[in-house]
Amino acid sequence: MEIRPYTHPGEILKEEFAVPYGLTQAKLAELLKVGIKTINEIYNGKRNITPLMALKLASLFGTTPEFWMNLQTNYDLYKTYNKEKESIESIEKIA
């Protein structure tokens, strides 16, 4: 099994949404009604996209909450696989 590398959703939020819209961290935090620390931690991969944040981002940018949650899930699977690769690959397949 091989899982392709995924980017943290915070980087995608910053590079594909905030920067093109000219949004600073402060403005994005204001629009989403969260603290600037929350945005900073998401940008820096120190905080995950939660279901609530996915709903807020979807509302703000006209995407779907599933888009944001899928980015987070794919990133989490990638990170977990890399961390636990040996134990995962040692499992004998039965099907």
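The values are calculated or read from the model by the stated rules, or taken from the named source; none is laboratory data. Nothing here was measured: the structure is a model prediction, and the numbers come from that model. Here Cβ is always computed from backbone atoms with ideal geometry, including for glycine, and neighbour counts include all displayed protein chains.
Below, the figures for the structure above:
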quantity	calculated
Within the stretch 6-33, tally of residues that are among the β-branched types (V, I, T) and farther than 23 Å from Y75 by Cα	1
Subset tally (residues that are of a type in the set (A, V, I, L, M), within 10 Å of the chain's Cα centre (by Cα) and assigned to a loop (DSSP other than H, G, I, E, B)) for the stretch 1-60	1
Search result, residues across the stretch 57-78 that are closer than 21 Å to Y21 by Cα and touching a residue at least 60 places away in the same chain (Cβ under 8 Å)	L71
Some residue of the stretch 17-31 being free of Cβ contacts under 8 Å to residues at least 24 places away in the same chain and at positive phi	yes
Condition met for Y81 (surrounded by 14 or more Cβ atoms within 10 Å (Cβ to Cβ), modelled with pLDDT under 95 and out of contact with any strand residue (DSSP E or B) (no Cβ under 6 Å at 6 or more places or on another chain))	yes
Qualifying position, being closer than 12 Å to P9 by Cα and of a type in the set (S, T, Y), among T73, T38	T73
